[in-house]
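For reference, the structure discussed in these notes is given below.
The values are calculated or read from the model by the stated rules, or taken from the named source; none is laboratory data. Computed from a predicted structure; not experimentally measured. Here the Cβ is made from the backbone with ideal geometry for all residues, glycine too, and neighbour counts use every protein chain on show. Just the protein is used for accessible areas: all its heavy atoms, side chains included, with ligands, DNA and RNA removed. Shrake-Rupley method; radii C 1.70, N 1.55, O 1.52, S 1.80 Å.
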Amino acid sequence: MMSSRARLSARRCLSTTLLGAVLLSTAVIAPKLVQAQTPAKEAQGETETKAQRDARMKWWREAKFGMFIHWGVYSVPAGYYQNKPIGGLGEWIMNDASIPVADYRRFAPQFTAAKYDPDSWVRLAKEAGMKYIVITSKHHDGFALFDSKASNWNVVKASPYGKDLLKPLAAACKKYGMKLGFYYSQAQDWVHPGGAAFKAKWDKAQEGDFDRYLDQVAIPQMKEILSNYGPISVLWFDTPASMTPERAARLLPVLKLQPGIIVNNRLGGGFKGDTETPEQRIPATGYADRDWETCMTLNNTWGFKKDDNNWKSNETLIRNLVDIASKGGNYLLNVGPTSEGVIPQPSVNSLKAVGKWMKTNGESIYDTTASPFKTLPWGRCTVKTSGGDITLYLHVFQWPAGGQLTVPGLKNRVLSARLMGGKGSLKAAAGTDGVIIQVPATAPDAISSTVVLKIAGTPTVEQARIKQDGEGQLLLLANEAVLHGSSLSTESKGGKDNLGYWTDADDWAEWAVTASRPGRYRVTAEIAAPKATAVTLRIGDQTVRGAAPATGSYDTFQKVELGSIDIKNPGNVAIELRPVAENWQPLNLRSIQLVPVP
């Protein structure tokens, strides 16, 4: 995977498409069918109809949940070099510590894989509810987990294990009906001469011609992994910076070895592939016309790092899965085995916990499409169409205290309602603000309970305007904003949505509000920013300019005072947040709060 530094830099420069009129406060919306702009087949010079593409992508769109496996020689140092801890990601230790090629090669004899049990890996994935596995056949350190004729730097010739690691995994996947995919680092290889073109070299042994590396190592190895292991469902490229269109074109013919393969968007050279791959984040609005897959770690790192014990909670993992499915994406969740081939026990425990939830709720995840709701106050929604039946799966994170669950803005007639995993039906009827469902006093599941709501016709949702609460306060959340411009977008960070990628000072955000209480309001904002900047908040002809101080990073959120402003008249108003153009510095914004001044 990309380093944290490179990833942050790329993420801040990323441009996103303008969110259109579908986000307007009075819009009526329905789920969209995901389509790719440049499918892999077309990039190879082949034609593919929509029906053919849908057939090729069908299993992947239904699967929703997969296991990523980062395994290699980097699991031997496990975050340490010369008895010192090395910062950064476990699989990047060779780069982060500038380890010479000869020194790094000396780790291979300790890569024993002595406890490798591919059957248990696949069984664990199945128990977690996962439908496919993607493993690092070769990462950036150039070490191949297979018997490669293109290089001796592989598990058979350089490690005591002495056997191909991918063949028994492929056999286990076939045995248990698990789809298998390979990650392959095509454009970054720190051991083979010429392969370190993407990063600054730190060892003369890395010097060489990148194109020669492609021809003599990368392309032959791609042919090997796509020829020797039966059907391969996914090819996952990474770090494409050195790949020009001409270089990418030399690799594309190899994909014909697996006609039905699904390829991600990281080959480079303008090749868009089949899937977007947001890393360690959940895009708050998904991708309008692209299949996509969030890849994420269970702790902080991809490859095994013995001191990394920052494990995500079961609540975070389950709600991430729900969140991603509700936005039309897949969740590729990583494990990093030890050099002996053992998946760390905390990873095992977490995956089993997710699997337990999936045994009851899997129907609400598999083969679903994105939510028709822009936002829901209590959780998320996924949709399934079967024949003429439309089912909304309401994933309730915050169980209603009063025994009534309101589905805001839903206009369809309800056919039935029930609790997933429960017995009997629930009463549901149209109300002033949407459909109201009578639910038990206690949530069936403390993390995420699922209400199954069958409706007549395609979901029709009238998006509600933001209203003041009983004390006159207004809370403007990131995922409720209408976005204007080409850079500003929304993402999920730490379980909460925020506005980010705010690199253009001409971009701005707007909230549609119904004000019932005129008067003066104190304005605060929850922001995260590495550098100090300033913003303006506008309501009609009223404007307040506020300083947004540096909080330390894009992940460090603080509540800051922006000043005071007047709401003059009751009724529908627009509240705008704009950058102060001079010396604008990007920030992340979770929310704005307006509190009446006594």
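Report the FRET efficiency, 1/(1 + (r/R0)^6), for Thr458 and Gln438, where r is their Cβ-Cβ distance and R0 is 25 Å, rounded to 0.05.
The value I calculate is 0.50.
Of Lys305/Lys531; Lys115/Lys312; Lys131/Lys411, which sit over 28 Å apart, Cα to Cα?
Lys305/Lys531; Lys131/Lys411
Add +1 for every Lys or Arg and -1 for every Asp or Glu among the other residues with Cβ under 11 Å from the Cβ of Ile437, and state the total.
Net charge in that neighbourhood comes out at +2.
Quote the FRET efficiency, to the nearest 0.05, computed for Lys496 versus Gln404 with a Förster distance R0 of 35 Å and r equal to the Cβ-Cβ distance.
So, using R0 = 35 Å, E works out to roughly 0.90.
Just to confirm a number: summing +1 for Lys and Arg and -1 for Asp and Glu over residues other than Val461 whose beta-carbon lies under 10 angstrom from that of Val461, what do you get?
In short, +1.
Which label marks the calculated value of Cα extents along the principal axes in Å, given the options (i) 192, 67, 48; (ii) 97, 56, 50; (iii) 76, 59, 48?
Checked against the structure: label (iii).
Which of the trypsin sites (Lys or Arg not before Pro) found in region 538-598 are loop residues per DSSP with 16 or fewer other Cβ atoms within 10 Å of their Cβ?
Answer by residue number: Lys568.
Any idea of the accessible area per residue across region 254-320, 1.4 Å probe, to the nearest Å²?
Per residue, region 254-320 has an accessible area of 33 Å².
Over region 450-574, give the accessible area per residue in Å² for a 1.4 Å probe, as an integer.
Value for region 450-574: 42 Å² per residue.
Give me the angle, in degrees from 0 to 90, between the Cα long axis of helix 4-13 and the longest principal axis of the Cα atoms of the chain, rounded to the nearest 10.
Value to nearest ten degrees: 50.
Magnitude of the Cβ-charge dipole of region 209-344, K/R +1 and D/E -1, about the Cα centre, nearest 20 debye?
Charge dipole, region 209-344, about its Cα centre: 100 debye, nearest 20.
Put a dot 7 Å past each Cα toward the Cβ at Ser486 and Asp389; how far apart are the dots in nm?
Taking the two extended label points, one gets 4.7 nm.
Which of the peptides 430-441, 349-360, 62-73 is most tightly packed, and how do the rest follow, judged by the mean count of other Cβ atoms within 10 Å per residue?
So the order, starting with the most tightly packed, is 62-73, 349-360, 430-441.
Starting from the Cα of Glu246, step 7 Å along the direction of its Cβ; do the same at Gln82; then give the gap between the two resulting points in nm.
4.0 nm
How much length would be gained if the chain were fully extended between Lys356 and Lys256, taking 0.36 nm per residue of separation minus their Cα-Cα distance, in nm to one decimal?
32.1 nm
Accessible area of the chain with a 1.4 Å probe: how many percent of it is carbon plus sulfur?
Using a 1.4 Å probe with all protein chains present, the chain comes out at 50 percent carbon and sulfur.
Which peptide among 569-578, 462-471, 510-519 comes first, and what is the full order, when sorted by highest mean count of other Cβ atoms within 10 Å?
Ranking the peptides 569-578, 462-471, 510-519 by packing returns 510-519, 569-578, 462-471.
Please sort by residue number the trypsin sites (Lys or Arg not before Pro) in region 86-157 whose DSSP state is loop and whose Cβ has at most 16 other Cβ atoms within 10 Å.
Of the trypsin sites (Lys or Arg not before Pro), the ones in loops of region 86-157 whose Cβ has at most 16 other Cβ atoms within 10 Å are Arg106, Lys115, Lys149.
Round to the nearest 10 and give me the degree value, 0 to 90, for the angle of helix 314-326's Cα axis relative to the longest principal axis of the chain.
It is inclined by approximately 80 degrees.
So what is the calculated 222 nm ellipticity per residue for the chain, using -39500 (n - 2.57) for each DSSP H run with n of 4 or more, over all residues, to the nearest 500 deg cm²/dmol?
-5000 deg cm²/dmol
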